[in-house]
1. Output the residues belonging to region 99-127 that are outside any helix (DSSP H, G or I) and not polar (S, T, N, Q).
2. Residue check, Val107 against (1) outside the structural domain of Leu153 (by TED's automatic domain parsing); (2) over 12 Å from the mean Cα position of the chain (by Cα); (3) crowded, with 20+ Cβ neighbours inside 10 Å, all met but one. Which one?
3. For region 56-66, which positions are under 18 Å from Asp88 (Cβ atoms) and out of contact with any Ser or Thr (no Cβ under 9 Å at 6 or more places or on another chain)?
4. Among the residues of region 89-98, is any outside any helix (DSSP H, G or I) and either of a type in the set (Gly, Ala, Ser) or within 30 Å of Ser51 (Cα to Cα) (or both)?
5. Would you call Ala45 in the same structural domain as Ser14 (by TED's automatic domain parsing), modelled with pLDDT of 90 or more and within 22 Å of Ser2 (Cα to Cα)?
6. Name the residue that is surrounded by the most Cβ atoms within 10 Å (Cβ to Cβ), counting only residues in region 129-162 that are among the acidic types (Asp, Glu) and under 17 Å from Leu112 (Cα atoms).
7. Step by step: first the residues of region 1-28, then only those that are polar (S, T, N, Q) and assigned to a helix (DSSP H, G or I), then the one that is nearest to the chain's Cα centre (by Cα). Which residue is that?
8. Please tell me if Leu97 is within 23 Å of Gln109 (Cβ to Cβ), surrounded by 14 or more Cβ atoms within 10 Å (Cβ to Cβ) and either out of contact with any Leu (no Cβ under 7 Å at 6 or more places or on another chain) or modelled with pLDDT of 95 or more (or both).
Amino acid sequence: MSFSEKIFSSSAVSEAFLYFCLNGASTAWVLQCELGMPEATVYRALKRLRSMGVVVPALKVSKVKRSKGGPRPTVWAIDTATPDEISDALKLHYKMLSPKFRVAEEVAQTILEAFQEQGKPLEINYRDIMGQVRELKIPFKGPDIADLAAQYLHERGIKVWR
């Protein structure tokens, strides 16, 4: 009983715990981006989960080329996490570092929301994605964002016609 009380007494710790239950592994940066939590809150939640023995450090993220140094992020995982889940967490960490990916994710989410509201079939034309990118007047090159958004939509089960 005290185990669940320690986890669910804080909303941040419970959100992080549920994220780990669903995904198996994550980095602090991914938790920040995915859960919309401030950095300090994420680290406090990780500290509590680690002290309870729920998560353990799985691996250190390797140094990024042309970086000036600084602390290297850690991939945290639950005991039952598979190597694939740890690998996916690392890939997602690198994606989340890219501002282009985060913008493309927002574009894809707006498209997904429009699909759900209108009840359309789960397919879209690449030109429609480009049109959505142009409407938003994003400071990045349109085709880059459209490609990333198309990839994101494809991963979510949407058929993208090119």
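1. As a first pass, look at region 99-127 and keep what is outside any helix (DSSP H, G or I): 119-125.
Within region 99-127, Gly119, Lys120, Pro121, Leu122, Glu123, Ile124 qualify.
2. (1)
3. We begin by selecting, within region 56-66, every residue under 18 Å from Asp88 (Cβ atoms); these are 56-62.
Once the filter is applied, which keeps residues that are under 18 Å from Asp88 (Cβ atoms) and out of contact with any Ser or Thr (no Cβ under 9 Å at 6 or more places or on another chain), region 56-66 yields Val56, Ser62.
4. Going through region 89-98, the residues outside any helix (DSSP H, G or I) turn out to be 98.
From what is left, the residues that are either of a type in the set (Gly, Ala, Ser) or within 30 Å of Ser51 (Cα to Cα) (or both) are 98.
Yes, some residue in region 89-98 is outside any helix (DSSP H, G or I) and either of a type in the set (Gly, Ala, Ser) or within 30 Å of Ser51 (Cα to Cα) (or both).
5. Details: in the same structural domain as Ser14 (by TED's automatic domain parsing): yes; modelled with pLDDT of 90 or more: yes; within 22 Å of Ser2 (Cα to Cα): yes.
Yes, satisfied.
6. The first filter runs over region 129-162 and keeps only residues among the acidic types (Asp, Glu), leaving 135, 144, 147, 155.
Cutting the leftovers down to under 17 Å from Leu112 (Cα atoms) gives us 135, 147, 155.
Numbers: Glu135: 10, Asp147: 18, Glu155: 9.
Looking at the filtered set, the residue picked out is Asp147.
7. Residues of region 1-28 polar (S, T, N, Q): 2, 4, 9-11, 14, 23, 26-27.
From the residues that got through so far, the ones that are assigned to a helix (DSSP H, G or I) too are 2, 4, 11, 14, 23.
Working: Ser2: 30, Ser4: 26, Ser11: 19, Ser14: 17, Asn23: 10 Å.
Checking each candidate, the answer is Asn23.
8. Values: within 23 Å of Gln109 (Cβ to Cβ): yes; surrounded by 14 or more Cβ atoms within 10 Å (Cβ to Cβ): yes; either out of contact with any Leu (no Cβ under 7 Å at 6 or more places or on another chain) or modelled with pLDDT of 95 or more (or both): yes.
Spelling it out, Leu97 is indeed within 23 Å of Gln109 (Cβ to Cβ), surrounded by 14 or more Cβ atoms within 10 Å (Cβ to Cβ) and either out of contact with any Leu (no Cβ under 7 Å at 6 or more places or on another chain) or modelled with pLDDT of 95 or more (or both).
The values are calculated or read from the model by the stated rules, or taken from the named source; none is laboratory data. These numbers were taken from a predicted model, which means no experiment stands behind them. In this analysis, Cβ positions are derived from the backbone assuming ideal geometry, glycine residues included, and neighbour counts consider all displayed protein chains.
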